[in-house]
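Take a look at the structure below.
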Amino acid sequence: GVESTLAVNHVGPFLLTQLLLDRLVESSARIVFVSSDAHYQATAFDDVDTAPLWKRDKPDPNAGFAAYNRSKLLVAACARELAERTRGTGVTVNTITPGPLIPTAIYDEVTGPFAVFVGVMKPVLRTVDEAMPNYLYVCTSPELDDVSGFYFKDRRSQEAARSVLDPQR
């Protein structure tokens, strides 16, 4: 019953984390969620259900982007909230972004103007190998043993969207 982009990007990983949380606390785990800089483009939390954008006589052509952006906003916001709730337990919770448009199979079925854009930009897009150091740094660096509640890009913390930092927005 949950829109599929939201289910895959946010609900599934967050539910799994909640189901394992006692064990994660017991082991002083590092929890790392994957968001995206696309979360900056999302609207506030008043409506995370993008299904109505798809279920019209004429679906909104931006529905896919809206769904993706909102799901990644929820990832960043809920990770920050979980970091607050687990403060002092030994668990750290951070969020990473792999960076701009990594040309994985996700773009194989894209059509229209965005497909042209990806095709033209592919030679300068970040590769999986270029994105991986950020994942490894946040997941394994001893420098981050006690760091929690941050959004990381290129092995540096940066400010998440305002609505992540202030959910009342």
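The values are calculated or read from the model by the stated rules, or taken from the named source; none is laboratory data. These figures come from a predicted structure and were not determined experimentally. Note that each Cβ is placed from the backbone with ideal geometry, even for glycine, and that neighbours are counted across all protein chains shown. Quick note on the areas: whole protein, heavy atoms, side chains included, nothing else; ligands and nucleic acids left out. Shrake-Rupley method; radii C 1.70, N 1.55, O 1.52, S 1.80 Å.
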Quiz item: Do any residues in segment 151-162 that are closer than 25 Å to Thr127 by Cβ and in contact (Cβ under 8 Å) with a residue 60 or more places away in the chain have Cβ atoms under 8 Å from those of residues that are surrounded by fewer than 20 Cβ atoms within 10 Å (Cβ to Cβ) and hydroxyl-bearing (Ser, Thr, Tyr), where the two are at least six apart or on different chains, and which pairs are they?
Solution: Tyr151/Ser157
Quiz item: If a residue has to be assigned to a helix (DSSP H, G or I) and open to solvent by less than 70 Å² (accessible area, probe 1.4 Å) to count, how many in segment 4-30 make the cut?
Solution: 13
Practice problem: Say whether the condition of being at pLDDT 95 or above, open to solvent by 50 Å² or more (accessible area, probe 1.4 Å) and in contact with a helix residue (DSSP H, G or I) (Cβ under 7 Å, 6 or more places away or on another chain) is met by at least one residue in segment 54-67. | Solution: no
Quiz item: Does segment 126-169 hold any residues that are in contact with a Pro (Cβ under 9 Å, 6 or more places away or on another chain) and within 25 Å of Leu74 (Cβ to Cβ), and which are they?
Solution: Arg126, Val128, Ala131, Met132, Asn134, Tyr135, Lys153, Asp154, Arg155
Exercise. Search segment 126-141 for residues that are closer than 12 Å to Gly99 by Cα and pair each with any residue that is open to solvent by 80 Å² or more (accessible area, probe 1.4 Å) when their beta-carbon atoms are under 7 Å apart and the residues are at least 6 apart or on different chains.
Key: Pro133/Arg155; Asn134/Arg155
Practice problem: Need at least 2 residues that are at pLDDT 80 or above and open to solvent by 40 Å² or more (accessible area, probe 1.4 Å) per element, so show me which helices (runs of 4 or more DSSP H) inside segment 78-169 make the cut, counting only ones lying wholly within it. | Solution: 112-121, 128-140
